[in-house]
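Here is the structure we will look at.
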Amino acid sequence: MHIRLKVWRQENTDSAGKLESYELQNVNEDMSFLEMLDVLNEQLMKQGVRPVEFDHDCREGICGQCGVMINGRPHGPLKNTTTCQLHMRSFRDGEEIYIEPFRATAFPVKCDLKVDRSSFDRIIQSGGFISVNTGQAPEANTTRISSPLAESAFDAAACIGCGACVAVCKNSSAALFTSAKITHMALLPQGKEEAQDRVLHMVNQMDAEGFGHCTNTEACEVVCPQEISVLHIARMNWEFNKAHILRK
Amino acid sequence: MTQTTLTRKIWMALTGLFLCFFLVIHLLGNLQLLLPAAESQLQFNAYSHLLSGNILIKIISWVLYASIIAHVVYAIIITAANTRAQKQKYHYDRRGTVSKWYSRNMGLLGTIIFIFLVIHFRDFWYVYKFGQLPLDARGNKDLYTLVMEVYSQTWYVGVYVICMVALCYHLLHGFFSAARTLGVYHPKYVRWIKVLGWIYSVGICAGFAIIPVYVHFLK
């Protein structure tokens, strides 16, 4: 198949970027979207043009590294898919495809399609941990966790931090990401001890990074590759309200 | 208490829910306008007089004014912060396909409602409180006749109904969003609130819209 691309090119964070047009012939429809970009880069290198920079790692849909805006939607036209798991068969022959970086003030563009998502790391650092005693491993059944509880904690923990929730949000809110990280720990007995400090610190960090307010449009859940439920946001709000009311 | 994105939303939710509660009371009072003319006039005027004289109602009305102002002020603060959170726009934006249009346009719907409120306060609230109104047979200010006159104008009824549609969509998102902000996360109650939100929003807005339409065409 033949495709026409409009790709965002930007030298570095401080430079102004713009959309550049490229054409690719003989694209195999079984290629993944990232493989298509590899082919584009090969073509650009042969022409002596700087290749397009984009983030990627496992290419199995589990690491959360890849993620670009494809035709105005994070990770492209499919629901709950990462960019690497999107294939060219989802596009028509001759289609024009716009590729832009995820945009948010808290995600500055580093180069082309690569954005700096370290704001997510700092949210995790502010409270996404539990304090444990060092020493011998404790007896495994000392802390009982039922299977349904473990499963629902895992549903929240499944967030791969790709940033699609922020990219799709009209307010650039990181509520889905932050709430998934908070809920994951709030559900488990090990996380109860620091629950109050955790939610307050993580919400404060989320705000300090410059993310917007969640207005519950629920767009994030639709594009999330891991199908993280928006009800985690409700639970974050619950934990936050509880912490505010009960803290000394 | 330091202001976070979540605390601002809590204020939006609490003021919004108070306004939701007020709408129920307001609608119940207004439904008296649907009674037969003679009975309706005396009863509605007596009801208006009762409300304007009661100290409890006075306190509630101050909370109401404060809620409207706080709801608007917080909406502006939140919108300004959200605009700062996304300075650069997408050149090709299809994000609208994954959420409901009214959930993304609460500010626009809210502005329509605000304009309606200004008209509404000028036509009824201001005239009742500070204007000269003739008295009815029992010596109460004749608000009923004023309402009938205003509702006899076709353009006014049209604007009223359009504003009620805007209010309906605003409530539809607002009611459920408030519950979420306050932290209702249990899937069962989330489902109930969605259904309740629909019943509430459509019920309130249809109720309000029926009154001027009925008065205009049938009274």
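The values are calculated or read from the model by the stated rules, or taken from the named source; none is laboratory data. Source: prediction; values computed, not measured. Cβ coordinates were reconstructed from backbone atoms using ideal geometry, including for glycine residues, and neighbour counts include every protein chain displayed.
Mind checking which residues of the range B:129-149 are in a helix (DSSP H, G or I) and buried (at least 17 other Cβ atoms within 10 Å of the Cβ)? Within the range B:129-149, B:Leu143, B:Tyr144, B:Leu146, B:Val147, B:Met148 meet the criteria. Taking the range A:12-27 as the range and being part of a loop (DSSP other than H, G, I, E, B) and surrounded by 13 or more Cβ atoms within 10 Å (Cβ to Cβ) as the test, the residues that pass are A:Gly17, A:Val27. Being among the β-branched types (Val, Ile, Thr) and touching a helix residue (DSSP H, G or I) at 6+ places or on another chain (Cβ under 8 Å) is a property that A:Thr81 lacks. Counting residues in the range B:103-120 that are within 23 Å of A:Pro77 (Cα to Cα), within 7 Å of chain A (Cβ to nearest Cβ) and modelled with pLDDT under 95 gives zero. Out of B:Val202, B:Val195, one residue alone is more than 23 Å from A:Cys214 (Cβ to Cβ), more than 14 Å from chain A (Cβ to nearest Cβ) and assigned to a helix (DSSP H, G or I). It is B:Val202. Taking each residue of the range A:47-60 that is more than 15 Å from A:Leu24 (Cα to Cα) and looking for partners that are in a loop (DSSP other than H, G, I, E, B) and of a type in the set (A, V, I, L, M) with beta-carbon atoms closer than 6 Å, six or more apart or interchain, yields A:Phe54/A:Leu113.
On the basis of being closer than 21 Å to A:Ser172 by Cβ, assigned to a loop (DSSP other than H, G, I, E, B) and either in the same structural domain as A:Lys170 (by TED's automatic domain parsing) or at pLDDT 95 or above (or both), does A:Asp30 make the cut? So A:Asp30 does not fit the description; no.
Can you tell me which residue in the range A:201-213 is surrounded by the fewest Cβ atoms within 10 Å (Cβ to Cβ), limited to those that are in a loop (DSSP other than H, G, I, E, B) and facing chain B (nearest Cβ under 7 Å)? Spell out the reasoning first.
Applying the first criterion (in a loop (DSSP other than H, G, I, E, B)) to the range A:201-213 yields A:209-213.
Now narrow it down to the ones that are facing chain B (nearest Cβ under 7 Å): A:210-213.
Values: A:Gly210: 19, A:Phe211: 30, A:Gly212: 27, A:His213: 25.
Result: A:Gly210.
When the residues of the range B:1-45 are narrowed to those that are among the small types (Gly, Ala, Ser) and in contact with a helix residue (DSSP H, G or I) (Cβ under 7 Å, 6 or more places away or on another chain), which ends up nearest to the other protein chains (Cβ to nearest Cβ)? In this case the residue turns out to be B:Ala13. Filtered by the rule that a residue be in a loop (DSSP other than H, G, I, E, B) and more than 7 Å from chain B (Cβ to nearest Cβ), the range A:216-230 gives A:Cys224, A:Pro225, A:Gln226, A:Glu227, A:Ile228, A:Ser229, A:Val230.
Per the conditions (1) in a helix (DSSP H, G or I); (2) surrounded by fewer than 22 Cβ atoms within 10 Å (Cβ to Cβ); (3) within 11 Å of chain B (Cβ to nearest Cβ); (4) out of contact with any His (no Cβ under 9 Å at 6 or more places or on another chain), the sole criterion not satisfied by A:Ile233 is (2).
Results for (1) free of Cβ contacts under 8 Å to residues at least 40 places away in the same chain; (2) within 19 Å of the chain's Cα centre (by Cα), shown as yes or no for each residue.
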| site | (1), (2) |
| --- | --- |
| A:Asn133 | yes, no |
| A:Glu139 | yes, no |
| A:Ile182 | no, yes |
| A:Asn204 | no, no |
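Restricting attention to the range B:50-64 and to residues that are within 16 Å of B:Gly139 (Cβ to Cβ) and either out of contact with any helix residue (DSSP H, G or I) (no Cβ under 9 Å at 6 or more places or on another chain) or of a type in the set (S, T, N, Q) (or both), the residue that is surrounded by the most Cβ atoms within 10 Å (Cβ to Cβ) turns out to be B:Ser52.
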